[in-house]
Amino acid sequence: MTVQLTPEQQGVFDAIENTTEHLFVTGRAGTGKSTLLNHLSWHTQKQLVICAPTGVAALNVGGQTIHSLFKLPIGVIGNQPIEQPREVRKLLQKIDTLVIDEISMVSADLLDAIDRSLRQARQRRAEPFGGVQVVMFGDPFQLAPVPPSDPQERAWVEKNYRSMWFFDAHVWREAEMRIHTLREIHRQHDEEFRQLLTAVRYARVTAPMAQRLNEVGARQAPQDGIITLASRNATVSRINARELARLPGQSMTAEAEIVGEFTGRAFPADERLEIKEGAQVMFLRNDPDQRWVNGSVGTVSRIKRTVYVEVDGEEHEVEPIVWEKLKYSYDPGTNELSRDVIGEFHQFPLRLAWAVTIHKSQGKTYDRAVVDLGARAFSPGQTYVALSRIRSLDGLYLTRPLQPNDIFADENVLRFMHEVAEAQRAAAANELLLANPDGTPGIKRD
């Protein structure tokens, strides 16, 4: 895994690797957060553990789910005692750096439970996160925490927290998080589209901006090689089933092979993949030989022992790959952490792709796409996620015009980002104050 980091990404990597500061690494869609995290995973010299709030997110970054790693109960944890088996305590005692990916999906209550667990295991109850460096990756404008379904749990959260968001956790204020915002956008190079996406992100779309998006999106979409990003699973299932049935010939089915501890239904690919020659498919993983990337769309050209897919006029043989489910453990022999494979999921890295949910399009990049928001966008940031998957304005098609109620942001996120901007401005002003009268940098004071 060798990638060339940009100077901006390298600066964040160095801050993680060469300091013990707690960091929040954020940035809008397409700024390379995943690239940086993958590089960190392969090149760190620290005893580093990666976790994520969901099974698929953990698989995507070669980590473990938060609940599995910390052995935490499902649901709101509140003030209940946290039981820690001996092997969990040993593991947590050896961590130098804990990386939490998709931090925006982590509730305030869960982040505080992580804090309590680390303090308890390491017997350093006065230090945030028990002295472990915590690095959080994510963008609160894209994915939100899921509120508790139980009314009593929801009432407890509302009583004890300003909001459910991770930045309203009690430990967030105590830990002195340093915020790194990646600003260089790698996905879109069209300055007009970048500006429009920024306006959608912050829910500051003017009438002329909306008109521009709607004029472009109103064009007739191509009939082939384009994917629909839909807000609802039912829409995706209906489109994919309809288009598959239209193709001549008999469907072929590839059953996934599941080995070891790979329980649950949150698989990284279809357990039962049904395809035909001529089917439009999307790749679910980057190719080591760089023939395709995660999100590339192609057409099944032949089906034999393997599947042949045509991408941009070139046919490629696609074989099943393996997704590994990992578990961290402490090895007393080496006095180090090990990352062990406890389960495997073998399947072709393909999914039918006439349509995909906006949620599952997270992290993907498309040259062109149809955006179907249904009657209306139903969650903050949903429209931003959909539009920001597309490389350029020319690749945008809409099933209907955008309405004002399609573009909205969470008020808590806007409040938090305003606080971040103010803090960064204050830090910049402080740097200027520390300069010598002749303008050369002065000595930085703590």
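The values are calculated or read from the model by the stated rules, or taken from the named source; none is laboratory data. None of these values were measured; they are calculated from a predicted model. Cβ placement follows ideal geometry from the backbone for every residue including glycine, while neighbour counts extend to all protein chains displayed. Surface accessibility is based on the protein's heavy atoms, side chains included, excluding ligands, DNA and RNA. Shrake-Rupley method; radii C 1.70, N 1.55, O 1.52, S 1.80 Å.
Here is how the numbers come out for the structure above:
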item: Hydrodynamic radius of region 200-245 per Kirkwood, over alpha carbon pairs, in Å; result: 13.2 Å
item: Inverse mean reciprocal Cα-Cα distance (Kirkwood Rh) of region 58-121, Å; result: 12.4 Å
item: Region 33-160 - charge dipole about Cα centre, Lys and Arg +1 at Cβ, Asp and Glu -1, debye rounded to 20; result: 580 debye
item: Using distinct alpha-carbon pairs, which all enter the 1/r mean, Kirkwood radius of region 112-264 in Å; result: 21.7 Å
item: Per residue value of the accessible surface for region 250-345 (all protein chains in place, 1.4 Å probe), Å²; result: 57 Å²
item: Debye, to nearest 20: dipole size of the chain, +1 on Lys, Arg Cβ, -1 on Asp, Glu Cβ; result: 800 debye
item: Chain lengthening between residue 42 and residue 224 when straightened (0.36 nm per residue, less Cα-Cα); result: 61.7 nm
item: Label point distance in nm, residue 154-residue 286, each placed 7 Å from Cα along Cα→Cβ; result: 4.0 nm
item: Where labels lie 7 Å past Cα in the beta-carbon direction, separation of residue 241 and residue 400 in nm; result: 2.2 nm
item: Qualifying trypsin sites (Lys or Arg not before Pro) in region 376-413, DSSP loop, other Cβ atoms within 10 Å at most 16; result: 376
item: Cβ-defined net charge surrounding residue 326, 10 Å radius [Lys, Arg +1; Asp, Glu -1]; result: +1
item: Residues of region 34-52 with amide N under 17 Å of a point placed 7 Å along Cα→Cβ from residue 18; result: 40, 43-46
item: Rounded Å value of the spacing that divides the Cα centres of region 197-248 and region 159-174; result: 35 Å
item: Sequence-distant lysines (8 or more away, or on other chains) whose Cα lies within less than 25 Å of residue 360; result: 33, 276, 325, 327
item: Fully extended contour minus Cα-Cα distance, from residue 191 to residue 339, at 0.36 nm per residue; result: 49.1 nm
item: Identified option (computed log10 I(q)/I(0) by the Debye sum over Cα atoms at q = 0.05, 0.09 Å⁻¹; candidates [x] -0.23, -0.67; [y] -0.16, -0.52; [z] -0.19, -0.64); result: [z]
item: Per principal axis, descending, Cα span of region 251-332 in whole Å; result: 53, 28, 20
item: Whole-number accessible area per residue in Å² for region 176-245, which is evaluated in the context of all protein chains at 1.4 Å; result: 57 Å²
item: Loop trypsin sites (Lys or Arg not before Pro), region 195-254, which have at most 16 other Cβ atoms in a 10 Å radius of their Cβ (DSSP); result: 204, 219, 232
item: Exposure rule at most 11 other beta-carbon atoms within 10 Å, DSSP loop GluC sites (Glu not before Pro): the chain longest free segment; result: 177-446
item: Trypsin sites (Lys or Arg not before Pro) within region 302-351: DSSP coil, no more than 14 neighbouring Cβ in 10 Å; result: 304, 305
item: Calculated FRET value between residue 173 and residue 80, using beta carbons and R₀ = 25 Å, to 0.05; result: 0.65
item: Length gained when the stretch residue 124-residue 96 is fully extended (0.36 nm per residue, less Cα-Cα span); result: 8.7 nm
item: Residues residue 207 and residue 324, FRET efficiency given R0 of 35 Å [Cβ-Cβ distance, rounded to 0.05]; result: 0.10
item: Surface share of carbon and sulfur [accessible, 1.4 angstrom probe, percent] for the chain; result: 48 percent
item: The chain - mean residue ellipticity at 222 nm from DSSP helices (-39,500 (n - 2.57) per run, n ≥ 4, rounded to 500); result: -9500 deg cm²/dmol
item: Accessible area per residue, Å², region 102-163 with all protein chains present, probe 1.4 Å; result: 42 Å²
